[in-house]
Structures are given as C-alpha cells and as structure tokens.
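Values quoted throughout were computed directly from the atomic coordinates according to the rules given, and no laboratory measurement underlies them. For clarity, every value in this text was computed on a predicted model and none was experimentally measured. With ideal geometry, Cβ positions are generated from the backbone for all residues, glycine too; neighbour counts draw on all protein chains shown.
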Amino acid sequence: MAEVNYIRHETNTKGRSYSSVARQMNMDRRTIKKYSEMEDFNQEVKSVQTRKANVMDPVKPIVDQWLLEDMGKKKKFRRTAKRIYTLLVSEHGFQGSDRTIRAYVAKRKAALLDESNDTALPLEAKTGTAQVDFGEAPFKHRGKEIILPFLVLSFPYSNSFLFQVFPSQNRECFLQELEEALLVFQI
C-alpha cells in the first residue's frame with residue numbers, strides 16, 4: 001500500500017508523468033496509471049459461477065447404484081464408463097455427452113475406493129504362523145493349456161511360501177503338501 005500511496009503522491013500531487021514514475025519504480029506505465037486513477041481500493045468480490053448438472057441429476061442415482069453393484073464383481077465383469085453411457089442412452093434416454101459420464105464415473109469410483117479403503121484393517125503377521133489355501137490356475141502341459149488346482153502354504157511373517165500342483169482339491173492332497181513342507185523345513 002505504501003507503493004500505491006507513493007505513486008498517487010508523485011503523479012497526482014507533484015504532477016510527474018506516468019512514464020517517469022514507472023522508470024523510477026521499475027514498473028509498467030499502465031500499472032502506474034491504474035493506481036494513480038484508482039479511487040476505490042476495496043477488492044471486488046467476484047461472484048462464483050454455479051452450474052447445475054441438469055443432464056446428470058436424473059441419472060446420478062442410477063450410475064451410483066451400478067457402480068456399487070460392480071464393486072462386488074470381478075474386474076472384468078464390471079461396467080466401464082463407455083458401457084454405462086451406452087446403457088443410459090438406450091435404457092434411460094440420456095441426452096448428455098460421453099465425456100460427462102466419464103468424468104462423473106471417474107470421480108465416483110475414486111470416492112468409492114476412498115470409502116472402502118477407510119474400512120480396511122491393517123494385517124498383523126505373527127511369527128510361526130502359516131496359511132494354507134487351494135487355488136486354480138492355467139498351466140501348460142504338453143502344449144495344451146489346462147486348469148489345475150494348486151495348494152499354497154505361505155508364511156506371512158517372512159513372506160515365504162511353498163506351492164504344489166495337484167490333480168484335485170481334497171484332504172489327501174492337503175496332507176501330502178503338509179508332509180512335504182515338514183520335510184523341506186525339517187521341523
């Protein structure tokens with residue numbers, strides 16, 4: 001504010017030109033002129049433009065419901081933003097753009113993931129504990145891809161594991177894996 005007072009004093013009271021004051025203060029001449037002629041120094045409060053998403057308002061609950069339903073599905077079975085847009089146009093007569101849906105879906109997915117991450121509990125691994133679980137995976141056997149069950153014995157504290165492929169998921173396979181694990185670890 002001291003600079004502004006100095007500019008006003010030099011130009012209005014002493015009658016110096018805008019250019020000479022600008023050279024002296026190393027400022028632009030237009031800035032000097034603006035401060036010299038300014039009467040009201042209160043900053044104008046700019047009104048915030050508010051827009052309503054009139055197009056999105058009717059379909060937001062539908063999209064939210066679909067996203068919540070998809071959270072429980074495998075990733076490859078979830079609806080994409082493009083698929084949601086197509087469904088909205090065909091089933092609900094949506095008039096908005098593809099880009100509007102993409103932006104809304106991205107924002108809502110991020111919010112839903114934040115909400116779901118807040119409820120997670122930290123895992124604590126105790127020494128000497130193990131976890132055993134069966135799973136299925138595709139394997140190549142004699143040039144063909146076949147799906148076989150496997151058993152994994154993991155030790156969460158050390159992040160080490162043993163796994164073995166079996167012909168089926170039953171008690172005999174489970175006990176055989178435990179026997180081999182005991183032989184490996186020499187317990």
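Here are some notes:
- Electrostatic bookkeeping for PHE134 treats Lys and Arg as +1 and Asp and Glu as -1; over the other residues with beta carbon under 14 Å from its beta carbon, the sum is -3.
- Those GluC sites (Glu not before Pro) in region 95-166 that DSSP places in a loop and that have at most 11 other beta carbons within 10 Å: GLU124
- For the chain, the C-alpha radius of gyration sits at 2.16 times the compact-globule guess of 2.2 N^0.38 Å, with N the residue count.
- Scattering profile of region 94-187 at q = 0.12, 0.17, 0.19 Å⁻¹ [log10 I(q)/I(0), Debye over alpha-carbon scatterers]: -0.67, -0.85, -0.93
- In this simple spin-label model, placing a label point 7 Å from the Cα along the Cα-to-Cβ direction at both THR100 and LYS75 gives a separation of 3.1 nm.
- Projecting label points 7 angstrom from Cα along Cα→Cβ for GLU172 and ASN159 puts them 3.7 nm apart.
- For region 1-101, fraction of C-alpha pairs farther apart than 20 Å, in %: 62
- Between region 83-114 and region 172-187, the Cα center-to-center distance that results, in Å: 51
- Exceeding the 31 Å Cα-Cα cut-off - candidates LYS76/LYS144; LYS46/LYS82; LYS75/LYS140: LYS46/LYS82
- Each residue of region 13-27 was assigned a 3J(HN,Hα) from its phi angle through the Karplus expression (A = 6.51, B = -1.76, C = 1.60, θ = phi - 60°), giving 8, 7, x, 6, 7, 4, 5, 5, 5, 5, 5, 5, 9, 6, 10 Hz with x at Gly and Pro.
- The loop-placed chymotrypsin sites (Phe, Trp or Tyr not before Pro) in region 1-55, going by DSSP, that have at most 16 neighbouring Cβ atoms within 10 Å of their Cβ come out as PHE41.
- Efficiency of FRET between ILE147 and GLU180 - r from beta-carbon atoms, R0 22 angstrom, step 0.05: 0.45
- Cleavage-rule hits (chymotrypsin sites (Phe, Trp or Tyr not before Pro)) in region 90-187: DSSP loop, at most 14 neighbouring Cβ within 10 angstrom: TYR157
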